[in-house]
Amino acid sequence: MLLLLVSAPLHFLLAQNAEVLGKSLTVSQGLPIPFAQIQLDNSDISVTADSAGNFSMKKLPEKEVVIVFSHSGYETYVGEFSLNTKRILGIQALLRPWSISSSKEQDLTP
């Protein structure tokens, strides 16, 4: 039995009870970004925001996580969150419209 427990993947050993609720918004005017993609980095857990930009991710591991927010026409936003408390409410993912100048700035960063 001990051998089976040791060989189990780590993500099965962590509690998977955390929940994140939030909204994807434009950085300039705070307007909702409908249907933005929200993904737990390095996992297959993802959701799509609703038409008002609201999203909910459930059954997340209770640990430090990286969440990636994206939508076509906007720069990707990456946020780090501590899911030690079972529920995080009110995350606001502020996305900037994509532009040629922002693309050039990103290319110049080593």
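Residues are listed down the side, and each one gets a yes or a no for (1) of a type in the set (Val, Ile, Thr); (2) touching a Phe, Trp or Tyr at 6+ places or on another chain (Cβ under 9 Å):
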| residue | (1), (2) |
| --- | --- |
| Thr48 | yes, yes |
| Glu64 | no, yes |
| Phe81 | no, no |
| Ile88 | yes, yes |
| Leu95 | no, yes |
| Ser99 | no, no |
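Report yes if Ser72 is assigned to a loop (DSSP other than H, G, I, E, B) and at pLDDT 90 or above, otherwise no. Yes. For segment 37-69, the candidate set comprises residues that are out of contact with any strand residue (DSSP E or B) (no Cβ under 7 Å at 6 or more places or on another chain) and either at pLDDT 95 or above or in a strand (DSSP E or B) (or both); within that set, the residue that is nearest to Lys86 (Cα to Cα) is Lys59.
The residue pairs whose first member lies in segment 52-66 and is under 21 Å from Ile33 (Cα atoms), whose second member is of a type in the set (Ser, Thr, Tyr) and buried (at least 21 other Cβ atoms within 10 Å of the Cβ), and whose beta carbons are closer than 6 Å, counting only pairs six or more residues apart or on different chains, are Gly53/Ser24.
Only one of (1) modelled with pLDDT of 95 or more; (2) surrounded by 13 or more Cβ atoms within 10 Å (Cβ to Cβ); (3) of a type in the set (Gly, Ala, Ser) fails for Gly79. Which number is that? Checking Gly79 against (1) modelled with pLDDT of 95 or more; (2) surrounded by 13 or more Cβ atoms within 10 Å (Cβ to Cβ); (3) of a type in the set (Gly, Ala, Ser), the one that fails is (1).
For segment 25-55, the set of residues classified as within 10 Å of the chain's Cα centre (by Cα) and of a type outside the set (A, V, I, L, M, F, W, C) consists of Gln37, Gln39, Asp41, Ser46, listed by residue number.
The values are calculated or read from the model by the stated rules, or taken from the named source; none is laboratory data. The model shown is predicted, which means the values in this text are computed figures rather than measured ones. With ideal geometry, Cβ positions are generated from the backbone for all residues, glycine too; neighbour counts draw on all protein chains shown.
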